[in-house]
Amino acid sequence: MKKFHLILLTTLNMFWLDGQTTSAIAAPKSSKESDIVTITDIEQKHLIGHLGQPLGKIIVISGVVRQEQSGAKSSPRDVLSVESVNDRPLAQPVTIEFNLFMTAQVAKPILGQSFKYIGYETGGFTGIPQDAFKFVPAVATTGHRFNTFFQVLQEELDVVKTKSDLIQFNNRRVQIIGRYVSGTKPAPAITGDIEFKGNYITAKIVLEDGTEIPIFPTYNKQSLRSPEEAEAYNGKIVKVVGKISSDRLNSEKITLNTFDGIWQYQAGF
């Protein structure tokens, strides 16, 4: 009777049968093996984040700033409750941590206020594997896990050009476009800067329909504009980023009560 020599070469997934080679039937992977994702898999495919978009893709998100407590002993932290992505409402809000890009000119999100940001979701592993403490003293940490956050690059703001825009976006951070007009007068009787002497320079933004928005009310010392600013922008069309609201001493008067920056706007009305 002819003898057959059967040798299993596991690394090559082949059998040697009486001097002939033939492919072996691959053994089925275990459930754990089938769940494994390699670095190559991530590099060759898009990794979808919690916001339903590939990590690293530039998107626009909007929602409300809320607080979240990650653990029983941890302090509450501000997070973004995202309600829409690329102007499309989500079925359920998604809560995600945020980080302001180091060179982005974006104000820190304020609890309870709405936001609209341009950026991307990204992430990485955080925490320490439990087995690491077999070799070093234990420290307080979270479990080793993959975590994502939203990298904020720019704030997308509504544009104010007329009085009707003011009414629509009252008490919100906006981008105001108008003509910078400065004026000089004696220091007001009521001002936050009691040591100020001499003429007091204030400024306002005049919208395309003639509506005037003072940069801070005169009783606020921040209404004092520098001579350099007045000289650089007076009479020019500018963009101003800030929050508009009704003057607390005169509910009919709208003022710019927070002021994040000003720059010349190239296009005219």
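Taking R173 as the residue in question, decide whether it is at pLDDT below 95 and not assigned by TED's automatic domain parsing to the domain that holds L80. Show your work before the answer.
Numbers: at pLDDT below 95: yes; not assigned by TED's automatic domain parsing to the domain that holds L80: yes.
Considered against the rule, which asks whether it is at pLDDT below 95 and not assigned by TED's automatic domain parsing to the domain that holds L80, R173 comes out as yes.
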Q. Of all residues in the stretch 43-66, how many are in a loop (DSSP other than H, G, I, E, B) and free of Cβ contacts under 8 Å to residues at least 12 places away in the same chain?
A. 3
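Looking only at the stretch 120-152, filter to residues that are among the small types (G, A, S) and surrounded by fewer than 12 Cβ atoms within 10 Å (Cβ to Cβ); which one of those is farthest from V64 (Cα to Cα)? Let's see the steps before the verdict.
Start the filter on the stretch 120-152 by keeping residues that are among the small types (G, A, S), which leaves 123-124, 127, 132, 138, 140, 143.
Right, trim to surrounded by fewer than 12 Cβ atoms within 10 Å (Cβ to Cβ) and you get 124, 138, 140, 143.
On the way: G124: 25, A138: 37, A140: 31, G143: 28 Å.
Ranking the qualifying residues of the stretch 120-152, first place goes to A138.
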(Q) On the basis of being at pLDDT below 85, over 24 Å from P109 (Cβ atoms), of a type in the set (S, T, Y) and surrounded by fewer than 16 Cβ atoms within 10 Å (Cβ to Cβ), does Y219 make the cut? (A) yes
Q. Within the stretch 165-181, is even one residue hydroxyl-bearing (S, T, Y) and touching a helix residue (DSSP H, G or I) at 6+ places or on another chain (Cβ under 8 Å)?
A. yes
Q: Scan the stretch 68-83 residue by residue and report those that are at pLDDT 95 or above and polar (S, T, N, Q).
A: S81
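Residues in the stretch 85-103: is at least one under 22 Å from D260 (Cβ atoms) and either loosely packed, with under 10 Cβ neighbours inside 10 Å or modelled with pLDDT under 80 (or both)? Don't jump to the end; show me each part of the working.
Applying the first criterion (under 22 Å from D260 (Cβ atoms)) to the stretch 85-103 yields 98-103.
Then drop every residue that is not either loosely packed, with under 10 Cβ neighbours inside 10 Å or modelled with pLDDT under 80 (or both), which leaves 102-103.
Within the stretch 85-103, one or more residues are under 22 Å from D260 (Cβ atoms) and either loosely packed, with under 10 Cβ neighbours inside 10 Å or modelled with pLDDT under 80 (or both).
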Q) Looking at the stretch 111-168, which of its residues are closer than 25 Å to D260 by Cα, modelled with pLDDT under 90, in the same structural domain as D78 (by TED's automatic domain parsing) and small (G, A, S)? A) G112, S114
Q: Report, by residue number, each residue of the stretch 225-243 that is more than 21 Å from V159 (Cβ to Cβ) and either buried (at least 19 other Cβ atoms within 10 Å of the Cβ) or aromatic (F, W, Y) (or both).
A: R225
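The values are calculated or read from the model by the stated rules, or taken from the named source; none is laboratory data. In this text the structure is predicted, and so the values were computed from the model without any measurement. Counting neighbours? That spans all protein chains shown, and the Cβs are built from the backbone with ideal geometry, glycine included.
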